[in-house]
Each structure stands twice: as C-alpha cells, then as structure tokens.
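**Q** Here it is, the structure in full.
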Amino acid sequence: MGREPETPFWAPAPDGGRVEQPVCTHLGEAVLRPVRHAGKGCEDCGAGTPRVGLLRCLTCGHVGCCDSSPGQHAHAHAEASAHPVAQSCASGARWAWCYPDGLYLVPAGPAPEAVRRLG
C-alpha cells in the first residue's frame, strides 16, 4: 500500500541571473493540488493533434497543452478562468508555472496542514 504524496508548497525557482529574486503574487489564490493526471492528453485538442507537453491547472484540474504546442490550451485556460498556476504533467517533473507572473515554481516542501486538508 503506497503512501499518498504530500501536497507541495510552491515557491519561485531561484534565478541566479537576477539581483532581486522573483516573487509570485498568486500562490495564495489557488488551492494547489498535486498532479493526478490520467494520461488522456489535452482536454481541448482533438485526437492526434501534436503536442509537446501537458500542464494541469492547480485550481480546477483542467489539463491543457503547453505553450510549445500548437494549441497552447493550458495558457488559454489560465487566461479565460483566471486560474494562475499549472503544474507539469510530465513523469517525474517537479515544477509549476505561474502565467501572470511568468515564473517557474518549485516545491518548497510539504504544504502547511491547513492547505493539505483542502486537497
């Protein structure tokens, strides 16, 4: 019986090229849940549509294709829904993206207990 992974608490990825480190102003707005993607692909692309990667919205769970894919559906979902943060669905990937702030996010450790109960 496997143990359920803990919901990560996200933080902006360190950026060695900046004197002032970036800040994500949206981390408190979304209920950030771990990715549990069933592998069905982008919810908006037609069957057989080429795509590069998938991202899962950490507010509602919508799965869309990344900005390097022709449809860019994850980005379109973020703009249409005002859900700012999505996590990569790639196996073993440990990053998320904040669309409004244009920042990579990385797990900063387990979320506080109050946030884990929401997931």
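**Q** Would you rank D101, D44 by solvent-accessible area, highest first, keeping every protein chain in place and using a 1.4 Å probe?
**A** Solvent-accessible surface, decreasing: D44, D101.
**Q** Can you run phi through the Karplus equation (6.51, -1.76, 1.60; θ = phi - 60°) for segment 48-58 and list ³J(HN,Hα) in whole Hz, with x for Gly and Pro?
**A** 3J(HN,Hα) across segment 48-58, in whole Hz: x, 6, x, 8, 9, x, 10, 10, 10, 4, 8.
**Q** Another one. Given labels modelled 7 Å from the Cα in the Cβ direction, how far is it in nm from A76 to E43?
**A** Each label point lies 7 Å from its Cα, and together they span 1.4 nm.
**Q** For E20, E43, write out the residues from largest to smallest accessible area, computed with a 1.4 angstrom probe and no ligands counted.
**A** Ranked list, largest accessible area first: E20, E43.
The values are calculated or read from the model by the stated rules, or taken from the named source; none is laboratory data. Source: prediction; values computed, not measured. Cβ coordinates were reconstructed from backbone atoms using ideal geometry, including for glycine residues, and neighbour counts include every protein chain displayed. Surface areas here come from the heavy atoms of the whole protein model, side chains and all, with no ligands, DNA or RNA. Shrake-Rupley method; radii C 1.70, N 1.55, O 1.52, S 1.80 Å.
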